[in-house]
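Taken together, the values in this text are just the output of simple stated rules run on the coordinates, not laboratory data. Treat the numbers as computed from the prediction; the structure is a model and nothing was measured. Cβ coordinates were reconstructed from backbone atoms using ideal geometry, including for glycine residues, and neighbour counts include every protein chain displayed.
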Amino acid sequence: MANQRLFISNADAFAEKLIQVGNSMSTTYSYDGDKLTLFWKGRKITERTGVKYGDAFIVHCDGSEPTISKLKVPHRNNDLLMWLLSFNKDNRAYNEATYQDLLAQQREENDWWGYRDWGIEGKGYAFTLCNRSDCGGVHHIAAFIDRKVDKALIKEVLQGWERGLYWPQDFVERLLKKRFGFTDVELSEIYPHSNYNIPLAE
């Protein structure tokens, strides 16, 4: 089964043609600012109303009619922040000692010529990347948070995170507003430091 991520953006409401879902050859959708309609081989198969900019879905494609469900995001705020910065479960820690062990393990496993790592750190958190052996892009190798994740910490981390996020801007905005109560003004203070428009995958 191939799962395709579908993020609803403001631009979708102005599309003149059906929009392709990910790299699916047969699945398309339309959005009018409220109603999301999913098509398969040109035929409408389902629709949802009350859909807003920034909503995100998973479209389950297995060769037959696809189904759709809401994208699940991490429940715990520390996991959510590490997830937004593209650290998967295997590369997350919840205290500094475990993080240091994980970092040492990653450095041993990634011991190629020209290896280097870098990141940001502060009181109760650290996020570390390393270069790829093929000289293209980065690996997210280790992260930890062992303090309360609130609006202040998110601002501090995102303002120091120079790579940006691998998620669409509308999705990030809606998530931060719902989970932490960010306002548009507060989000604008982050934007100069975090470009939300870089590609979703490395």
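In the chain, the longest principal axis of the Cα atoms and the axis of helix 169-180 are about 70 degrees apart.
On a C-alpha basis, how far is the centre of the stretch 126-192 from the centre of the stretch 57-104 in Å? Whole number, if you could? For the stretch 126-192 versus the stretch 57-104, the Cα centre distance is 14 Å. Estimated at 0.36 nm per residue, the fully extended path between Arg163 and Arg179 surpasses their Cα-Cα distance by 3.5 nm.
How high is the FRET efficiency between Glu65 and Glu108 when r is their beta carbon distance and R₀ equals 30 Å, given to the nearest 0.05? Efficiency computed from Cβ-Cβ geometry: 0.05. Relative to the Cα centre, the charge distribution of the stretch 1-94, modelled as +1 at Lys and Arg Cβ and -1 at Asp and Glu Cβ, gives a dipole magnitude of about 160 debye. Mean separation of Cα pairs under 8 Å and 6 or more residues apart, divided by the residue count, gives the chain a relative contact order of 17 percent. Based on alpha carbons, the Rg and Dmax found for the chain are 18.9, 54 Å. What the Cβ-Cβ distance of Tyr115 and Asp90 gives, at R0 = 22 Å and to the nearest 0.05, is a FRET efficiency of 0.70.
Set against the 2.2 N^0.38 Å expectation for a compact globular protein, the stretch 109-173 has a Cα radius of gyration ratio of 1.28.
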